[in-house]
Structures are given as structure tokens and as C-alpha cells.
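First the structure, in the form of C-alpha cells, and then the observations on it.
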Amino acid sequence: MLALTVDTAKNIAIAVVGVFVITAIISAKLMASVTKKAIMFLVLGALSLGVFTQRQALESCANKVKDDVGTAETTCTFFGTDIHINTTLP
């Protein structure tokens, strides 16, 4: 299982947003049609916004898990999907 700290996951999210922005700039230079450019910017902008907003969900989930240590299970939501996290201590 891949284990990440909250700070590492937040930094990865920032890097992903950066990649989306760079991809949007490169695709705008390569595409000839204005319509294709607009669609590409909208798609990449939506993806960037989605990744960026999930950073807050990640931080609140980490705080929730920290507060619920010792209980049976904690549920967090990412991109509309419920993730169940076992918070019992071994």
C-alpha cells in the first residue's frame, strides 16, 4: 500500500495542477482551431480545479482520521466517492 503524508499529497496535487496548466499552454500553441483551444482549456481547467479543491478534502480527512483514532472506522469523501478508513490501533 502506498503511504503518503498529507503534505506530500498536497504537493503532488500542486504539481498535477502545474502539469495541467503547462499542457494547456502547449496544446494552445499546437492546435489551429479556436474551438479546439477553448474546449481544451475548459477541460484542463476543470481538471485543475477538481484536483485543487480535493486538497482541502484531503486535509479535512486527515484531521478527521486524527480525531477518530481508536474508533472502528472513519469515512472520507474524495471526488464524490466514500473512502472507508480503519482507525483502530493495532
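Every number here is computed from the coordinates shown, using simple stated rules; none is lab data. It should be emphasised that the depicted structure is a prediction, and the values quoted were computed from it without experimental measurement. Because the Cβ atoms are built from the backbone with ideal geometry, glycine has one as well, and the counts that use them run over all protein chains shown.
The table below lists the values:
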{"read-out": "Tensor-based shape of the chain (alpha-carbon gyration tensor, a/c under 1.5 rounded, otherwise prolate or oblate)", "value": "prolate"}
{"read-out": "Check: the chain dipole with +1 on Lys, Arg Cβ and -1 on Asp, Glu Cβ, in debye", "value": "600 debye"}
{"read-out": "Under 5 Å, built H, 5+ apart or other chain: amide partners of residue 87", "value": "73, 74"}
{"read-out": "Dipole-positive endmost among 61, 83, 48 within segment 40-87 (Cβ charges, Cα centre)", "value": "48"}
{"read-out": "Full-extension gain in nm, residue 36 to residue 9, via 0.36 nm per residue minus C-alpha separation", "value": "6.5 nm"}
{"read-out": "Linear extension gain, residue 16 paired with residue 62, 0.36 nm per residue minus alpha-carbon span", "value": "14.5 nm"}
{"read-out": "Residues 58, 44, sorted so that the one with the fewest Cβ neighbours within 10 Å comes first", "value": "58, 44"}
